[in-house]
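This report concerns only the one structure given below.
Please treat every number below as a calculation from the coordinates, not as lab data. Note that the structure is a prediction, hence the values are computed from the model and not measured. Glycine gets a Cβ as well: all are built from the backbone with ideal geometry, and neighbour counts include every protein chain shown.
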Amino acid sequence: MDIIRTSDYEEMSRKAADLMEAQLREKPDCVLGLATGSTPVGTYRELVRRAREGLLHFSKAKTVNLDEYVGLPPENEQSYRYFMQKNLFDWVDIKRENTFVPDGMAKDLPKACGEYEALIRSLKGIDLQLLGIGHNGHIGFNEPGEVFEKETHLVNLSERTIKANARFFSSPDEVPRQAVTMGILSIMRARKILLLASGAQKAKIVKEAFFGPITPKVPASVLQLHPAVTLIADAEALKECDLV
Ligand code: PGA
């Protein structure tokens, strides 16, 4: 595992954009696995800036997002499809038909989960997967549990996640209770993984995930087994880790 320590959120975002830019230059038709939440917003902002300056092109790239709430249509401002449009896709030269987000409105959700997994396989897998980390150690919406759920599946969100995400809604009651998420194996099959963490409120979970035991109780801990993980975190998020 590589750890890149940055002074703050802005530097974390620039470093993450650097690695994504390198991926796009090395393989313009790469498959990027994308994440939502507040952590990657600065990275997307930086990618948009570079794309608008003509330094970076997404015209051949494909993207697959980690997750989506059940019951929110793409035009709902809290949906992750909407988030991706507003934070990245609407501002760069990516083709809409090359961007994939799980369908939280599907009538047959288990079937849609299987189809999403098949889609990732048909794209020949993910070259670079961007991740945030939840306060409870979730990646995507893989919540702490007794087992690692392997492939794309329907999940009941934990109370902690509902509370954490309530900040984006007018009340906690409006936060959907379920989501569709890529599984742990779907994520672990990515050729490279980039996990971003910022701020003191992530310090405890970053230490547990990267230096504690590997357990489904801390889903991100499984990343310790991945051969090509880069953790980019600011000093606050790394303050509990004993790094030399
Ligand atoms: P955040 O969420 O970036 O909004 O902190 C991270 C996550 O839940 O994966």
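The phi-based Karplus calculation (6.51 cos²θ - 1.76 cosθ + 1.60; θ = phi - 60°) puts the 3J(HN,Hα) values of the stretch 220-230 at 5, 4, 4, 5, 4, 8, 7, x, 9, 9, 10 Hz, whole numbers, x for Gly and Pro. Here the 3J(HN,Hα) profile of the stretch 189-194, calculated from phi with Karplus coefficients 6.51, -1.76 and 1.60 at θ = phi - 60°, is 6, 4, 5, 9, 10, 10 Hz, Gly and Pro shown as x.
Close amide-amide hydrogen proximity is noted between Asn142 and no other residue 5 or more places distant or on a separate chain, at a cut-off under 5 Å (H modeled in the peptide plane; Pro and chain starts excluded).
The stretch 188-244 and the stretch 90-114 have Cα centres separated by 27 Å. Measuring between alpha carbons in the structure, the pairs from Lys86/Lys107; Lys163/Lys207; Lys107/Lys204; Lys15/Lys111; Lys62/Lys107; Lys192/Lys239 lying more than 31 angstrom apart are Lys107/Lys204; Lys15/Lys111. Secondary-structure-derived ellipticity at 222 nm for the chain, considering helices only, amounts to -9000 deg cm²/dmol, per-run term -39500 (n - 2.57) for DSSP H runs with n ≥ 4. Rounded to the nearest whole Hz, the Karplus-based 3J(HN,Hα) values (6.51 cos²θ - 1.76 cosθ + 1.60, θ = phi - 60°) of the stretch 134-150 follow the sequence x, 4, 9, x, 6, 10, x, 10, 7, 7, x, x, 8, 9, 7, 6, 7, with x at glycine and proline. For q values of 0.16, 0.20 Å⁻¹, compute log₁₀ I(q)/I(0) with the Debye formula on a Cα-only model of the stretch 113-244, without solvent. With no solvent term, the Cα-only Debye profile gives -0.84, -1.22.
Could you please report the charge total around Lys124, scoring K, R as +1 and D, E as -1 over all other residues with beta-carbon less than 13 angstrom from its beta-carbon?
Net local charge, Lys124 excluded: +3.
Taking amide H positions as placed in the peptide plane 1.01 Å from N, state which residues far from Ile3 in sequence (5 or more) or on other chains have amide H under 5 Å from it. Sorted by chain and number, the residues that satisfy this are Leu231.
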